[in-house]
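All remarks here apply to the structure that follows.
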Amino acid sequence: MPVYHQMGHDSTNLLKVNELNEFKGAILSPLNLPEAKMAAMIADNTREGFELIFDPQLYYPRTQREKLRTWPYFPQDVETADYTSQAWWNSLCSSLAQIVERLGVNSVCSPAIIPRAFSNEYIDLTCNITGTLQDCVRTSGINVLQTLVVNLSDLASYTNTMSIASIITKKTPRQIYLVLQNNSYPRRELSEPEELKGAMALINTLEENGNQVIVSHSSSDIILWKEAGAYGAATGKYFNLRRFTPSRWDDREEGGGGQEAYWFEESLLAFLRASDVTRIERANLISQTSSNNAFATEINACLQSGDPWLSLSWKFYLYWFQNIEQRLDSKSVTSLSILEQADRSWEILEDPAKRIYLEERQNDGSWIRQWLRAITEYKTAW
């Protein structure tokens with residue numbers, strides 16, 4: 001199960017951090033770079049085995065965000081276009097194919113626009129668009145991933161989940177770029193068990209029918225997607241790149257969901273502010289995984305000196321992300337064992353005799369039990 005960088009504002013420098021060389025590739029975003037700069041970045045990161053995947057980012061085409069409208073494939077009639085018209089999509093795919101061939105990327109995600117309703121007709125349309133783009137790039141050998149956007153809340157219904165899976169699996173098996181749209185806050189973990197069960201059931205069904213699923217905008221929930229059998233997962237340094245929410249597309253500068261340094265602690269499966277790292281250390285709850293993290297020593301030095309460590313916190317988290325995938329893949333740990341350990345750690349923190357109060361009130365581990373439920377129940381109709 002490879003992991004991918006979810007590229008955002010000023011993320012290019014992370015692609016060459018030696019300690020993060022287990023990332024298989026990157027999901028490229030035209031939101032953040034115009035074509036010329038994207039081409040230069042690609043040329044600078046072309047190396048054997050490193051996969052560059054272009055995501056057209058047309059989810060909200062009416063947005064004024066960043067550099068998207070400067071790209072030649074961006075449609076000029078977004079205000080009046082009929083997004084259900086196959087002819088309209090044929091033209092867009094043809095233009096997109098020319099761009100990705102010129103860039104020389106390995107793969108491209110099929111373009112997808114967020115609909116008013118995530119109907120079966122919409123899912124079927126995304127399949128047809130993928131087929132069109134495959135035809136357009138066939139001679140170039142560029143791989144096409146089908147972008148599948150689903151509303152996470154819709155997956156709380158087993159019927160809806162299986163209906164989506166049925167439409168997708170009628171087609172020739174493909175690589176799927178799964179985008180789970182939700183409205184959670186950046187540092188609040190997904191916590192609705194029925195929705196999580198639906199997402200896991202969808203991933204599992206698609207994989208068992210020969211598809212390869214890459215889950216976009218992931219965070220520590222990688223342990224759920226891995227348990228469900230997902231082929232890959234993508235994450236980013238900014239907290240707003242670990243969630244696909246409508247608020248990300250507000251017409252304002254992207255700022256990473258708040259420029260605060262956080263330590264990701266596996267023993268709690270939680271993001272901790274600086275003062276809480278000290279509290280957790282005193283409680284002897286810093287995991288061996290965190291202590292062994294390639295960036296732990298530098299961060300600890302910064303915590304002692306008071307120096308800033310924002311960029312180190314991004315690297316610390318990304319290092320954990322690649323590391324947990326490897327350990328889960330090798331079965332040296334299991335998703336269930338990690339969650340059960342986290343559950344025990346939160347129980348220690350909740351002990352009234354210890355009186356350990358974390359800085360953020362809602363950082364309380366309440367999602368752990370919901371994740372345990374999802375893992376143990378997702379294969380059973382609910």
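The values are calculated or read from the model by the stated rules, or taken from the named source; none is laboratory data. As the structure is a prediction and not an experimental result, all values here were calculated from the model. Because the Cβ atoms are built from the backbone with ideal geometry, glycine has one as well, and the counts that use them run over all protein chains shown.
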Checklist entry - Going by the conditions given, is residue 96 modelled with pLDDT of 90 or more, out of contact with any Asp or Glu (no Cβ under 9 Å at 6 or more places or on another chain) and within 24 Å of residue 181 (Cβ to Cβ)? => result yes
Checklist outcome for this item: Of the listed residues (358, 285, 318), the one being surrounded by 15 or more Cβ atoms within 10 Å (Cβ to Cβ), part of a loop (DSSP other than H, G, I, E, B) and either at pLDDT below 95 or within 20 Å of the chain's Cα centre (by Cα) (or both) is 358
Next on the checklist: Within the stretch 296-312, does at least one residue satisfy the condition of being within 21 Å of residue 223 (Cα to Cα), in a helix (DSSP H, G or I) and free of Cβ contacts under 8 Å to residues at least 40 places away in the same chain?
Outcome noted: no
Checklist entry - When residues of the stretch 34-49 are filtered for being among the charged types (D, E, K, R) and surrounded by 15 or more Cβ atoms within 10 Å (Cβ to Cβ), how many remain? => result 1
Checklist entry - What residue, of 102, 69, 116, is assigned to a helix (DSSP H, G or I) and modelled with pLDDT under 95? => result 69
Item to check | Hits in the stretch 191-211 (condition: in contact (Cβ under 8 Å) with a residue 60 or more places away in the chain, surrounded by fewer than 22 Cβ atoms within 10 Å (Cβ to Cβ) and either farther than 20 Å from residue 127 by Cα or touching a strand residue (DSSP E or B) at 6+ places or on another chain (Cβ under 8 Å) (or both)) | outcome: 191, 192, 193, 194
Checklist entry - Tally time: how many residues in the stretch 273-294 are of a type in the set (A, V, I, L, M, F, W, C) and farther than 17 Å from residue 344 by Cβ? => result 3
